[in-house]
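Note sheet for the following structure.
The values are calculated or read from the model by the stated rules, or taken from the named source; none is laboratory data. Model, not experiment: these values are computed from the prediction. For the accessible areas, the whole protein counts, side chains as well, though only heavy atoms, and no ligand, DNA or RNA atoms are used. Shrake-Rupley method; radii C 1.70, N 1.55, O 1.52, S 1.80 Å.
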Amino acid sequence: MRIYFDHEKLDVYREAIDFCGWVGDFLPAIPAKAAAKDQLDRASTSILLNIAEGNGKFSARDRARFLQMARGSALECAACLDVLFMRKLASEPQVAEQKERLARIVQMLIGLLRKFSERAEVLREDEAAYFIEHDYEHEREHE
């Protein structure tokens with residue numbers, strides 16, 4: 001697809017548009033009554049819209065605000081996938097692959113936030129130690 005706008009050049013936008021496309025292909029297989037289905041549709045769209053709108057802002061503060069909203073929407077998508085999996089409306093491989101994609105999106109957004117926000121140091125999703133600590137704590141609970 002031809003690039004017309006600056007946000008279309010961003011790797012995070014391209015990754016998010018691929019995720020949004022997957023959601024569009026995936027949603028028809030889910031029963032209409034699943035609330036997480038509608039929420040996944042809205043949240044996946046919100047990632048893209050906030051990246052695009054934020055990239056068009058002139059001040060770093062405004063840009064960071066929209067990137068934070070995009071990050072929140074990506075995390076919301078991950079939670080929707082968890083709900084769909086737990087309700088047996090999505091398979092583990094489907095959910096795992098897309099949560100990996102969402103983790104990449106969140107990491108890219110955090111990288112952009114570090115550029116535009118003084119408060120970005122409180123974000124932890126991209127720290128390898130965070131995942132290791134979490135896994136270790138989880139293993140200790142089952143000893």
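In table form, for the structure just shown:
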| quantity | calculated |
| --- | --- |
| Isotropic mean projected area of the C-alpha convex hull, region 18-117 (nm²) | 5.9 |
| Heavy-atom accessible surface of region 44-96: percent carbon and sulfur, 1.4 Å | 58 |
| Estimated D of region 4-68 in µm² per second, where Rh is the Kirkwood radius over Cα pairs and Stokes-Einstein applies at 25 °C, 0.890 mPa s | 192 |
| Region 1-103, accessible area per residue, ligands and nucleic acids excluded (1.4 Å, Å²) | 59 |
| Extension gain from M1 to D38, taking 0.36 nm per residue of separation minus the Cα-Cα distance | 10.6 nm |
| Equivalent ellipsoid semi-axes, region 75-115, via Cα gyration tensor eigenvalues times 5, rooted, Å | 25, 10, 4 |
| Surface accessible to a 1.4 Å probe, E92 within the full protein complex, Å² | 120 |
| Heavy-atom accessible area order for M108, M86, largest first, 1.4 Å probe | M86, M108 |
